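The values are calculated or read from the model by the stated rules, or taken from the named source; none is laboratory data. Quick caveat: nothing in here was measured; it's all calculated off a predicted structure. Cβ placement follows ideal geometry from the backbone for every residue including glycine, while neighbour counts extend to all protein chains displayed. Protein only, heavy atoms only, side chains kept; ligands, DNA and RNA dropped before computing areas. Shrake-Rupley method; radii C 1.70, N 1.55, O 1.52, S 1.80 Å.
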Amino acid sequence: MMSKISSLKNFNLRDKGAAFWAGLNLPQRAIFAVAMIFLAGALPFAGDHSFTNFLNTPISNFADVLVYPVGMFVLMSLGLNIVVGKSGMLDLGYVAFFAIGAYSMAIFGKYTHLNTWEILPIGIGFAMLAGVLLGIPTLRLRGDYLAIVTMGFGEIVRITALNTQKIGGPNGMANVPNPPSIHTPVGQLDFNIMTPNSFYWFVLVLILLTIWMIRRLSVRRPGRAWEAIRQDEDAAELMGVPTLRYKIWSFVLGAGVGGAAGVVYASKTLYVSPEAFTFNISVLILSCIVFGGIGNIWGVVLGGVFLAYLPERIRFISNARQLVFGLTLIVIMNFRPDGILPRKKREKILKSKSEAEVK
């Protein structure tokens, strides 16, 4: 039994994937990436076939679940990973930016003639502005103090929405408009309650853009600065890294991704209320990052898919599903305490520590 547990702990899927990727030349990598994107785009059709019908959840078909919670959780996890995984800051109020984006969509969609595509940059902008307003006075704090402040910010946003009658108060805002149709070379994409595939492809595009942004920044000065801050902020300051500036940048970029997710969520559900933006959402998004592997983009994606889909799939066992969900997390995190796909540098540190203990 112990040997099985040890083999599971030492199972390194990330290195196997890295070895496979390293063995491909540039054209092969491009073909592989396009093929993976194509397969991801075809996922909504998986629940339509008899042999994959088991993918549908007890109350929703597979395509609906792919949009929310799966797609939204993955998108928000990628955004929060910029703050937690790249910069090493603990943010427990990330749901606030999700709420700001959703309410931006609801307010501008109902009271102006703007459509979703025009409101999307506005929602992202408001979320980023909130990130600046929160970050400037609070990012000088560290550790638990920063976590408490961000958690308070998330509750402030929710309670403000709950007590503001002009935006619906506890009743929320209904009749949020859907995005207008898009004409493409392969046909027209309609966005309504009967066409979840279109929303999924929209979310998939946002996820791919976010991954591209993170990968580009990670190999440039911001990424190196975030890595230095995450490892040792005091040492980074002594080496001349403007830590506050880069911490604010990570906060703002993460907030923008959360705002984009909120805009899509509101335009999909046609209704927003304060009860949809509780502290539990922030904890779940953070859990996706820890479960998948802090700092690893593909680990975060895997964690978001798993933790979003599993509770919906086992909904047939009613309230007991939370117990099953919790036990699953406990078991897996005991076998893989650093996540399913941990960061490469994190694995090297753990390996050196284990070798030192053996000696």
Worksheet entry | Close Lys-Lys pairs in the chain, where close means Cα under 14 Å and separation is 8 or more or interchain | 8
Worksheet item: In region 261-299, which residues have a backbone nitrogen under 12 Å from the label point lying 7 Å from Gln322's Cα in the Cα-to-Cβ direction?
Response: 280
Discussion item. Could you compute how much accessible surface Thr112 exposes when probed at 1.4 Å, giving the result in Å² to the nearest 10?
Written reply: 50
Worksheet entry | Exposure rank, largest accessible area first [Arg313, Arg140, Arg343, Arg220; 1.4 Å] | Arg140, Arg220, Arg313, Arg343
Worksheet entry | Only Lys, Arg (+1) and Asp, Glu (-1) charged, at Cβ; region 60-278 dipole about Cα centre in debye | 420
Discussion item. Which residue fluctuates most in the GNM of the chain (Cα springs below 10 Å): Arg315, Arg29, Arg158?
Written reply: Arg29
Practice prompt. Work out how much length Ala46 to Tyr271 would gain on full extension: take 0.36 nm times their residue separation and subtract the Cα-Cα distance, in nm to one decimal.
Written response: 78.2 nm
Worksheet item: Nearest 0.05, what FRET efficiency do Ser60 and Val186 give at R0 = 30 Å with Cβ-Cβ as r?
Response: 0.70
Worksheet entry | Ranked packing of 75-88, 273-286, 297-310, most packed first, by mean Cβ within 10 Å | 75-88, 297-310, 273-286
Worksheet item: Got a sec? What order do Lys247, Lys166 fall in by accessible area at 1.4 Å, biggest, i.e. largest, first?
Response: Lys166, Lys247
Worksheet, complete the sentence: Going residue by residue through region 197-212, the Karplus relation 6.51 cos²θ - 1.76 cosθ + 1.60 with θ = phi - 60° gives ³J(HN,Hα) values, rounded to whole Hz and with x marking Gly or Pro, of 4, 5, 5, 4, 5, 4, 5, 4, 4, 5, 5, 5, 5, 5, 4, 4
Worksheet entry | region 21-64 and region 198-247: distance between their alpha carbon centers, rounded to Å | 27
Worksheet, complete the sentence: Comparing Trp249, Trp117, Trp21 in a Gaussian network model of the chain (Cα, 10 Å), the one with the largest mean-square fluctuation is Trp21
Worksheet item: Nearest 0.05, what FRET efficiency do Leu39 and Leu133 give at R0 = 35 Å with Cβ-Cβ as r?
Response: 0.30
Worksheet item: With each run of n ≥ 4 DSSP H residues scored as -39500 (n - 2.57), what mean residue ellipticity at 222 nm is computed for the chain after dividing by its residue count and rounding to the nearest 500 deg cm²/dmol?
Response: -22000 deg cm²/dmol
Practice prompt. Would you mind calculating the relative contact order of region 24-180 from Cα pairs under 8 angstrom and at least 6 residues apart, reporting the percent as a whole number?
Written response: 22
